[in-house]
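One structure is given below, encoded as structure tokens.
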Amino acid sequence: MTRLNMQRALRMLALTSAASALVGCGGNDDPVITGPVAATEAAPTRSACPTVNSTGAPLAVDVPTNTACYTGTNSKGSAYIIAVPPNWNGRLLLHAHGGPDLNPNLNRATEVLDRWDIMVRAGYALAGTAFRPGVEVSRAAEDTERLRGIFRNHVGRPSMTILHGQSWGGSVAAKAAETYTRDTVGEQPYDAVLLSAGVLAGGTRSYDFRMDLRAIYQHLCNNHPRPTETQYALNIGFPAGVTPPTNANLTARVNECLALNLAPALRTPEQAAKIATILNVVKIAENQIVSHLAWGTRHFQNISQRHGGSPFGNIGASYVGSTDDVALNASVPRFRADAAAFRSFAEDTDYAGRIPVPVLTVKWINDPTAFVELDAHFRTLMQQSGTADRLVQTFVSAAESHSYISDATYVTLLSSLAQWAQNGQKPTPQSIADACTSVATNFSAGVGCSFAPSYTPPTLESRVPARERP
């Protein structure tokens, strides 16, 4: 038999096995497994793939005809969705979504299929779960691993499982990948990991810039809180037991001080100077000020309540980029992280990079939400853990948004990652860029291919000042 025929025969065997797996999951050759995947979970319900969300708003789900969709809620109360195309290639893409949500979000599961249906069109089974509310990475990782068990026990046995983390879900996937391994669960749960637009420096470092924003904004504007309102340490986000301001309220306060709702020509010189200070020192975009203030309010409150204090501080941070850095550093309010809260938060959200399978990352160079320097820190973590040989990082110069780059980008990355996991054929940023061109002929939606193979991100400390840590 020729090599080509042998490859075709093996592929046909894999597809036949994958199809058989959808029919039943019997057999006595199961390894002894533990952890969330071994928990007894009810079987999902097979139903038509969703076309609307919980409010009746239409979805843009585009999957092949006869795609099998399954829905359910796990034993911890998290809703999930599974989609298996008729041409299933035997591979499961287990998705960890961005966020997190502080309150139950009935649409989180359907949003997974709505946004990532490209994976199903490319032949992968897609499974995604909502997470229990709150900024808890380890718990979200558990929800994700639990869904793997639901798929494994009730839908089919994939020939390969790729764990995909998007945005905050990148932290979830990184945590899951080093928590749930062959050594800890009794079988290899994930064959490879894809991290896109990931928040990849762990909780104790990824949010320092929001601490800086709260402090610098308050120094400049003094209206969150106002002098007439209850004062509190800004690093807790907002006092416990008190409902934080809404986005509308925060927007009004910001516009009151910075006039972001006005054209630049209509702002006063003082307002323009304050905006310039924030943009140059915190290094965020003007249209991101309100959203990052909101995260630094509501999410910080949630974190501080869960960990008994604030893990965030800016003692020792030296701010640069204003017209008078000496005056700024002398005047900006300072806050010290609570040592016990820091340790608790680190245990929940940080990871060492000890991931035992291939890891491929992608980041838009100008990502305004999960900036590119986070990826530099992630590489350092894997280098320090001796696993850098399992990491390939890619970067793109164009994207639809932080939440989505382009169809061709993801299909190319998945194909390269699967080949690496299956054959040991480790890709390079250049080989991925080259492969994307041909992939784009069939998956052309969006901005197409914009890989920048030679790009190297700056260090995290070049963007976010170092500071004292407990």
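For first residues located in the range 405-428 and charged (D, E, K, R), partners that are assigned to a helix (DSSP H, G or I) and lie 6+ apart or on another chain with Cβ distances below 6 Å form the pairs Asp407/Ile118; Lys426/Trp420.
Among the residues making up the range 92-124, those that are under 21 Å from Ala440 (Cα atoms) and either not assigned by TED's automatic domain parsing to the domain that holds Pro158 or not in a helix (DSSP H, G or I) (or both) are Leu93, Ala122, Gly123, Tyr124.
Here is a list: Asp324, Asp367. Which entry is of a type in the set (Asp, Glu), closer than 27 Å to Ala273 by Cα and not assigned by TED's automatic domain parsing to the domain that holds Ala96?
When all the criteria are applied, what remains is Asp324.
Taking helices (runs of 4 or more DSSP H) as the structural unit, those lying wholly within the range 128-207 and holding at least 1 residues that are charged (D, E, K, R) and either touching a Leu at 6+ places or on another chain (Cβ under 6 Å) or free of Cβ contacts under 8 Å to residues at least 24 places away in the same chain (or both) correspond to 137-154, 182-185.
Among the residues that make up the range 312-320, is at least one of them assigned by TED's automatic domain parsing to the domain that holds Tyr404, under 22 Å from the mean Cα position of the chain (by Cα) and surrounded by 19 or more Cβ atoms within 10 Å (Cβ to Cβ)? The answer is no, given that none of the residues of the range 312-320 is assigned by TED's automatic domain parsing to the domain that holds Tyr404, under 22 Å from the mean Cα position of the chain (by Cα) and surrounded by 19 or more Cβ atoms within 10 Å (Cβ to Cβ). For the residues Gln231, Gln218, the requirement of being outside any helix (DSSP H, G or I) and over 26 Å from the mean Cα position of the chain (by Cα) singles out Gln231. I need the full set of residues from the range 67-82 which are among the aromatic types (Phe, Trp, Tyr) and under 14 Å from Glu111 (Cβ atoms), in order please. The answer is Tyr80, and nothing else. Determine whether the range 385-393 contains at least one residue that is out of contact with any His (no Cβ under 6 Å at 6 or more places or on another chain), closer than 21 Å to His97 by Cα and among the acidic types (Asp, Glu). No, there is no match, as no residue in the range 385-393 is out of contact with any His (no Cβ under 6 Å at 6 or more places or on another chain), closer than 21 Å to His97 by Cα and among the acidic types (Asp, Glu). In the range 322-349, of all residues being free of Cβ contacts under 8 Å to residues at least 40 places away in the same chain and touching a Ser or Thr at 6+ places or on another chain (Cβ under 7 Å), the one that is surrounded by the most Cβ atoms within 10 Å (Cβ to Cβ) corresponds to Ala341. For the range 155-167, state whether one or more residues are of a type outside the set (A, V, I, L, M) and over 28 Å from Thr45 (Cβ atoms). Yes, the range 155-167 has at least one match. Any idea which residue in the range 426-444 is modelled with the lowest pLDDT, counting only those that are more than 19 Å from Leu195 (Cα to Cα) and either surrounded by fewer than 19 Cβ atoms within 10 Å (Cβ to Cβ) or of a type outside the set (A, V, I, L, M, F, W, C) (or both)? Checked the range 426-444; the qualifying residue modelled with the lowest pLDDT is Ser444. Output the residue which, of all residues in the range 289-321 that are without any contact (Cβ under 8 Å) to a residue 60 or more places away in the chain and in a loop (DSSP other than H, G, I, E, B), is nearest to Leu260 (Cα to Cα). Once the filter is applied, the top-ranked residue is Gly321. Applying the set (1) closer than 22 Å to Gly123 by Cα; (2) under 21 Å from the mean Cα position of the chain (by Cα); (3) not hydroxyl-bearing (Ser, Thr, Tyr) to Asp367 leaves exactly one unmet item: (1). In the range 383-425, the residue that is surrounded by the fewest Cβ atoms within 10 Å (Cβ to Cβ) out of those that are among the acidic types (Asp, Glu) and assigned to a helix (DSSP H, G or I) is Asp389. Scanning the range 105-131 for residues that are at pLDDT 95 or above and within 20 Å of Ser75 (Cβ to Cβ) returns Val112, Ala127, Gly128, Thr129, Ala130, Phe131.
Applying the set (1) modelled with pLDDT under 95; (2) touching a Cys at 6+ places or on another chain (Cβ under 7 Å) to Val37 leaves exactly one unmet item: (2).
The values are calculated or read from the model by the stated rules, or taken from the named source; none is laboratory data. Just so you know, these numbers come straight off a predicted model, no measurement behind them. Cβ: placed from backbone, ideal geometry, glycine included. Neighbour counts: every protein chain shown.
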